[in-house]
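Let me begin by presenting the structure, written as structure tokens, before commenting on it.
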Amino acid sequence: MKDKNWKNYGLETQAIRSGQHRTHEDEHSLPIFATSSYVFKNAEEAALRFTGQKPGNIYSRFTNPTVNAFQERLAYMEGGERCLAFASGMAAIMAVGMGLLKSGDHVVCSRGVFGNTVLLFQNYFGKFGVETDFVDLIDTKAWESAIKPNTRFLFLETPSNPLTEIADIELLATIAHRNSCLLIVDNCFCTPVLQKPFELGADIVIHSATKYIDGQGRCVGGAIIASNEIIEKAIYPFLRTGGATMSPFNAWVFLSGLETLAVRMKAHCDNAFALAKWLTQFPSVSKVHYPGLPSHAQHELAKRQQSHFGGIVSFELRGGKEQAWKLIDATEMISITANLGDVKTTITHPATTTHGRLTPEVRKLAGITDGLVRVSVGLENIEDIKNDLARTF
Ligand SMILES: *Cc1c(COP(=O)(O)O)cnc(C)c1O
């Protein structure tokens, strides 16, 4: 099993079998290596490991067998060359910026990305002389015309949160490469089970492992998957020096999360699809946002680009904020929390939580109405989820 190449195996098999290198103890399940450092046979071996002339572990800020197993497994599943794990999804995005950007560089980013990603580019990379322009995720012309000679990469999430808009990854990869830029895709919402950005031309894939990869809301973590060259030159040196490392315990939790990811994603999608269709029948619901509905503006693109439509459903209530809060407060089972990708169904009012710091004008531009409710559909019985949401209908 040790040096097996899992490349030609199915994703479900990679998720369960790859990344594990059994030790002399013959353990069946992967152990947690709770050790900060490693011993060398002699001074010469220590020297060779530090220079990288001899492979092997050095120090758990940048080499740990449990974290390595997670990295290897996720790289196989995404179909990428190398993966590096980080302390959180945000730490992974920070590492991409720190590794690839320098003062005077320019970034084009979707307006519809995770709120802290916007703040990171604007407030922190901006402080060091990196300029970011934000564009509409689905406006391909806007992406192309925002690119400047000093643009280093394009950054997006698809589907977007919370409106589930879909970007054409293949088209944006072509535009990026035509302009000598990289395309970075945050694949958190789909996971490699539903969407393979590398097959569509993306150069770097980002994950918040906190969401579906964990799947049960326990640990915070993140990852970057890219070519050997990008990882070696830009990302690994920053991880080694910057130290936003994933802990071995978290890696161990995420490893078992990956093992059930394919079945969970399918079940999340089935429940979400059923819920989205069911929601369209209520007169008090003015719009349901779900890529699986034929009424979704990028339904055809979603069918082409994803193997299923995802676990997030958003809908707009005619009664605005008052009705949205009423519906949320009437739930008896569903968790009122901003996290997503959990086996537990969670519900959020974006206008007053995740998007509450935006001005009303910017919020309106982003399509976040006061009546909008986002549900991360979990794996409870679908009838119980419907009944819990229907208490005010
Ligand atoms: C949560 C999230 C992040 C940030 O990940 P953390 O693990 O919370 O740091 C980044 N991108 C997306 C799409 C997310 O949902």
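The values are calculated or read from the model by the stated rules, or taken from the named source; none is laboratory data. Just so it is clear, the structure is predicted and the values come from calculations on it, not from any experiment. Cβ coordinates were reconstructed from backbone atoms using ideal geometry, including for glycine residues, and neighbour counts include every protein chain displayed. With ligands, DNA and RNA removed, areas are computed over all heavy atoms of the protein, side chains included. Shrake-Rupley method; radii C 1.70, N 1.55, O 1.52, S 1.80 Å.
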- Can ASN187 be described as buried (at least 23 other Cβ atoms within 10 Å of the Cβ), within 13 Å of the ligand (Cβ to nearest atom), modelled with pLDDT of 95 or more and assigned by TED's automatic domain parsing to the domain that holds THR63? yes
- Message: Exactly one of these conditions fails for GLU300: (1) out of contact with any strand residue (DSSP E or B) (no Cβ under 7 Å at 6 or more places or on another chain); (2) in contact (Cβ under 8 Å) with a residue 40 or more places away in the chain; (3) not in a loop (DSSP other than H, G, I, E, B). Give me its number.
- Response: (2)
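Considering only residues of the range 308-363 that are farther than 18 Å from ARG218 by Cα and basic (Lys, Arg), which is farthest from the ligand (Cβ to nearest atom)? It would help to see each step written out before you state the result.
Of the range 308-363, the ones farther than 18 Å from ARG218 by Cα are 308-333, 348-363.
Subset that is basic (Lys, Arg): 318, 321, 326, 357, 363.
Working: ARG318: 28, LYS321: 23, LYS326: 26, ARG357: 16, ARG363: 18 Å.
By that ranking, first place goes to ARG318.
Looking at this structure, is ALA244 open to solvent by 10 Å² or more (accessible area, probe 1.4 Å), within 16 Å of the ligand (Cβ to nearest atom) and touching a helix residue (DSSP H, G or I) at 6+ places or on another chain (Cβ under 6 Å)?
On the way: open to solvent by 10 Å² or more (accessible area, probe 1.4 Å): yes; within 16 Å of the ligand (Cβ to nearest atom): yes; touching a helix residue (DSSP H, G or I) at 6+ places or on another chain (Cβ under 6 Å): yes.
Here the answer is yes, as ALA244 does meet what is asked.
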- Selection status of THR63, outside the structural domain of ALA297 (by TED's automatic domain parsing) and in a loop (DSSP other than H, G, I, E, B): yes
- Name the residues in the range 268-322 that are surrounded by fewer than 19 Cβ atoms within 10 Å (Cβ to Cβ) and over 18 Å from LEU389 (Cβ atoms), would you? PRO294, SER295, ALA297, HIS299, GLU300, LYS303, ARG304, SER307
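Which fully enclosed strands (runs of 3 or more DSSP E) of the range 86-165 have 3 or more residues being surrounded by fewer than 16 Cβ atoms within 10 Å (Cβ to Cβ) and in contact with a Ser or Thr (Cβ under 7 Å, 6 or more places away or on another chain)?
Answer list for the range 86-165: none.
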- Item | Per-region count, the range 197-230, residues among the hydroxyl-bearing types (Ser, Thr, Tyr) and more than 10 Å from the ligand (Cβ to nearest atom) | 1
- Query: Among the residues of the range 53-85, which ones are modelled with pLDDT of 95 or more, open to solvent by 30 Å² or more (accessible area, probe 1.4 Å) and small (Gly, Ala, Ser)?
  - Reply: GLY79
- Could you tell me whether VAL373 is under 17 Å from LYS277 (Cβ atoms) and either touching a helix residue (DSSP H, G or I) at 6+ places or on another chain (Cβ under 8 Å) or more than 16 Å from the ligand (Cβ to nearest atom) (or both)? yes
- Message: Just the residues that are within 24 Å of the chain's Cα centre (by Cα) and surrounded by 11 or more Cβ atoms within 10 Å (Cβ to Cβ), please, taken from the range 1-29.
- Response: TRP6, TYR9, LEU11, GLU12, THR13, GLN14, ALA15, ILE16, ARG17, SER18, GLY19, GLN20
- So SER36, is it modelled with pLDDT of 95 or more and away from the ligand (no atom under 16 Å from the Cβ): yes
- Message: Of the residues PHE50, PHE33, only one is open to solvent by 60 Å² or more (accessible area, probe 1.4 Å), of a type in the set (Phe, Trp, Tyr) and in a loop (DSSP other than H, G, I, E, B); which?
- Response: PHE33
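Here is a yes/no grid of residues against (1) without any contact (Cβ under 8 Å) to a residue 40 or more places away in the chain; (2) farther than 23 Å from PRO291 by Cβ; (3) crowded, with 16+ Cβ neighbours inside 10 Å:
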site	(1), (2), (3)
ALA351	yes, no, yes
PRO360	yes, yes, no
ARG374	no, no, yes
ASN381	yes, yes, no
